[in-house]
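Following: one structure in structure tokens, then a few remarks.
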Amino acid sequence: MHRFLRLSILLVSLFAASSYAADATQAVKMTEDSLGPLVEQPIEFPHFRHAGDVNKEHPEKGGMQINCMYCHTFARRSAVAGIPPLQKCIGCHQSIESVRETPRIKKLFEYWEGSKDGKIAAKSPIPWKKVHDLPDFVRFNHERHIKRFVFQQNRPVQEACGYCHGDVKTMTVARRSKTLSMGFCVDCHKKDHLVSAEGGTAIGNQAYWYGFKKPVVNASMPLTAKGPNDCWQCHK
Amino acid sequence: MIDSSFDRRDFLKVLGWGGAAVALSGCGNTSVEDGKETVVSYVEATDFMIPSIGVYYNSTCAQCDAGCSINGRVREGRVLKLEGNPASAINRGKLCGLGQAGVQHHYNPDRVREPLLRNGEKGETITWEKAYALIAEKLQGVSGEEIAFLTGAMSGHTKVLLENYLASFGCKNHFAYEAIAPGVVRAANKKAYGVAMPRYNINKAKLVLSFGADFLGNWVSPVHFSQQYGQFRKGVNGQRGVLVQVESKMTLTGANADRWLVVRPGTEGILALGLINALGAASGDVAAEVKDYDKARVSKDTGVSVEQIDKLVALLKSHTPSLVLAGSAAEGYAHGSQNAAAINLLNQVLGNVGKTVVGAASVPFPQMAPILGNTAALASVSDALDAGKYKVMFSCGVNPVFSAPTAMKFKEHFAKVGFKVAFAHYLDETALQADLVLPLDSALEDWGTSVPEYMAGDDAQINIQQPLMERLHANTRGFGDILLALLKQRNPESYKNYPDYYAYLRGAVLQNKNALGGEGADDDEFWNASLSNGILKLAGPVAGLSGGVSAGGLSLPNAPVADAQYPLHLIPSVNANLRDGRNANQPWLQESPDPLTTIVWDSWVEIHPKKAAELGIVEGDIVEVAGKNGSIKAQAYLFPGIHPDAISVPLGRGHDAMGRYAKGFGVNPFHILDAIFDKETGELAMHETRVKVSKTGQRVIVVKDEGAAGGKQMGKKIAVRTSTDKVDLSKEV
């Protein structure tokens, strides 16, 4: 008798504790349009100016069509895309005199040279806030996706990155525009993707499909494959 | 709680439901930190620095003095994991658990982070400039004889700098103190073979007879010996090596032995001489020396049966070459030197010298060779302190207030010094007594070189220590850097070209480039290659061993007589993880179970089941172990692998300082050791203490990994249940 009493008390308290824990951590509020939160960054970085399309009429308003991977250089080499080193920003901006005195660039150089009030030491990293985050139990590998879509299939970089990151080239500070939930990932992994494209890298008779089933080769149909569908691919 | 009706199955059920509850209610992205967490980028990155991709650096392990080379994985500027460096002849790519825990030394939350100056009972944070100025001021007008420097075993360029610093005062008082080093065996080896530390070829022996040398656990260079042991077990010419361990308390090596012989504590030498006599292979003065040690007498003195002696002699005759080792259990007595000499004599009589005991390579720079020392050095420091000889004393890498027996009164004598400086990673017992504490870089942040005492390879090697990552705390300094700064106070002209210790080290290595195998190489290339290897190898001279067989001056006392008041021998055992206690604040080591008892986070008293039954003690009883110099209280653990007239308490625990993971866990048997010294070498006779054991009436549940022998085991009878008092390990082969 006592045993069951004790069991049920333990069960109830565990349930209560876990619900409480879940409540406490859901502090990030979604905005009305179900985008990610508006994140205030130390410097309002204009993605549109760097990666946006060229505006022929008003070149000062348009972008420079810089490849995403010019700055986010780790994306094709590593599981994480990484934030570019400060050195990279300075590398270009020390020779772009025209914007040197604008407020954002002045702020940028404070992190490199140190601020006058001494609050920022020279060569300190910019404390960017994370915009795209996944739960700790999900492992997403940038390298695999970039290799698959950009290098094997020759898709445009902005398209490949945009699958998950949205149209960053129109944003100033990046904002999460996809839900990045498990359903979002699975939706895409369920689709038949082309495994070769014009100009795509030859990939031999292996490793271009990720499931356990080899795709059926039918000369009249384009060769397609699905993304991996195993739990352990992401939940390692 | 343990007695409650709430059994394991119910608990698992609840856990399962609980887990489901968490999963159901926690379906939101509970660990997502969009817009909250800061993501820090590199300021300047080199090409090989890619987030989430590890980079590997070679360095040297500083957890013990064996000098294994390590290979550390560094990711995003943080060292994450240590493994062995395959290029080292000592550990050849492997690393022990103690070495693995090195990251916990580095990331330890209780590290000293600022220079501290004593202000009453408290330490006041001061700047390094002030600390250096203070040292200079205190050394003003103090003569060389009034300064002492106490360190652990030390070698390499740090030792060179330290000697130079002391020489600038004309000071010769550099003492090296290692709490549990084989000091007596070194001296006995020097006599028998001409060198303190020869190379032991365990892998070439067909029989290893070890007198208490725990070479798989903690003795001299355990990672190296463990690998040799693997080869030894696979066998020379297909013949599997046989290991016989003779000791009074089972060690890890004893647990692996084919035959484990329990001897009356302190009679190891008698058994060795008895074996020489029974072998009948000796002649001349050796034969004369051992003729009194007939089997009947030896058996009576040591407690080893005649039958076992006969078996052992037959094994020694049929298995050549063999190897006989003298370990800490044999040397820890007032006649320890004699024990070790008798054991070495057995090696000589068996003709093992030159086969399994051979000369070791040495580094041709004597100024870099390790300075070693043991408790004899500490005793002389303690006496000199008592006489008030020193006005300023430095200590680095040692903790004598913890590891010296209370009977030596080190703490009281230390207090007599006018100005005490401790170089420390943590506020340990000794640092707490100091007037000035200087915080050191961790072993994974510092530069250095070291020369291992036990040279395992055919070539001599100098180990390089290099930082695996940036300093965690801005105000710690490397020991070499501090020494250089102090030397600049004394001698600014000679050291003005070296802005830091790194520059000095690089200069010193490149100066001897030719001798270090870099003849004709470009400076930068050679230096970078050396750092990348982590080791400098050099063909050093191999000292030959002297071959004479002589029993000169050997005189063993008779077997010890029983002490009515203190009937039991106290064996302070050395555990492979905690050793002398300098790493006790690394929680991995505290919680990894002792290999033999599986006890964690606490001390225990090993007692033979027969003796326990006699005293009415059961497992978990809190017993008081009282000797002439104090007492300790700890939980009893019934252990058949110990002589019934002995009890054993592990060393390393029982700190009353050194941070949250060390302070207050277990008891410290160092403190109750009697101040009895080996008659020849003056080293502390660690096993000489006699104690009595009494129950206090309290009882606890021993926290350990093992289940009851032959217990439930999921309903399957895997092991047969044998009560521990029926087990006689000495009969098992």
Nonlocal amide H pairs with B:Ser395, under 5 Å, H built at 1.01 Å: B:Leu150, B:Val421, B:Ala422, B:Phe423
3J(HN,Hα) from dihedral phi, the range B:141-147, Karplus parametrisation 6.51/-1.76/1.60, rounded to Hz, x for glycine, proline: x, 9, 7, x, 6, 8, 10
Rounded, prolate or oblate (a/c below 1.5 giving rounded, otherwise prolate when a/b exceeds b/c) for the range B:232-305 by Cα gyration tensor: oblate
23 Å Cα-Cα threshold exceeded, pairs from B:Lys122/B:Lys420; B:Lys94/B:Lys317; B:Lys159/B:Lys204; B:Lys122/B:Lys663; B:Lys420/B:Lys488: B:Lys94/B:Lys317; B:Lys159/B:Lys204
Straight-distance crosslink candidates among aspartates and glutamates, where the alpha carbon sits under 19 Å from B:Lys537 and sequence neighbours closer than 8 are dropped: B:Asp65, B:Glu453, B:Asp458, B:Asp459, B:Glu519, B:Asp522, B:Asp523, B:Asp524, B:Glu525
Distance from the range B:649-692 to the range B:226-283 (C-alpha centre basis), Å: 27
Long-range HN-HN contacts of B:Leu243 with modeled amide H, under 5 Å: B:Val208, B:Asp258, B:Arg259
Test item: Cα-centred dipole of chain B, Lys/Arg +1 and Asp/Glu -1 on Cβ, debye: 1500
Phi-based couplings in Hz for the range B:46-63 (Karplus 6.51, -1.76, 1.60; Gly and Pro marked x): 8, 4, 7, 8, 10, x, 6, 10, x, 10, 10, 10, 9, 7, 10, 6, 10, 6
Gyration tensor (alpha-carbon) shape descriptor, the range B:455-511, a/c threshold 1.5: oblate
Förster radius 22 Å - calculated FRET efficiency between B:Asn629 and B:Ala387 (Cβ-Cβ, nearest 0.05): 0.50
Nearby lysines by direct alpha-carbon distance to A:Lys123 (threshold 18 angstrom, same-chain neighbours under 8 apart not counted): A:Lys88, A:Lys106, A:Lys107
Cα-Cα separations in the range B:632-692 greater than 12 Å, expressed as whole percent: 74
Reachable aspartates and glutamates, given that their alpha-carbon falls under 15 Å from the alpha-carbon of B:Lys130 and they are not under 8 places away in the same chain: B:Glu114, B:Asp435
Long-range amide H partners of B:Val324 with built H, under 5 Å: B:Leu209
Out-of-range pairs (alpha-carbon distance over 24 Å; input B:Lys138/B:Lys389; B:Lys138/B:Lys172; B:Lys138/B:Lys411; A:Lys178/A:Lys226; B:Lys355/B:Lys679): B:Lys355/B:Lys679
The range B:183-358 shape via C-alpha gyration tensor axes, a/c threshold 1.5: rounded
Relative contact order [Cα under 8 Å, 6+ residues apart], chain B, whole percent: 17
Calculated from backbone phi, Karplus (6.51, -1.76, 1.60) coupling profile of the range B:206-221 in Hz, x at Gly/Pro: 9, 9, 10, 10, 10, 8, x, 8, 8, 6, 8, x, 8, 7, 6, 9
Projected-area average for chain B over all orientations - Cα convex hull basis, square nanometres: 37.1
Per-selection metrics, the protein assembly as shown (Cα): Rg and Dmax in Å: 33.6, 112
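Just so you know, all these numbers are worked out from the coordinates, no wet-lab data involved. Just so you know, these numbers come straight off a predicted model, no measurement behind them. Note: ideal-geometry Cβ built from the backbone for every residue, glycine included; neighbour counts use all protein chains shown.
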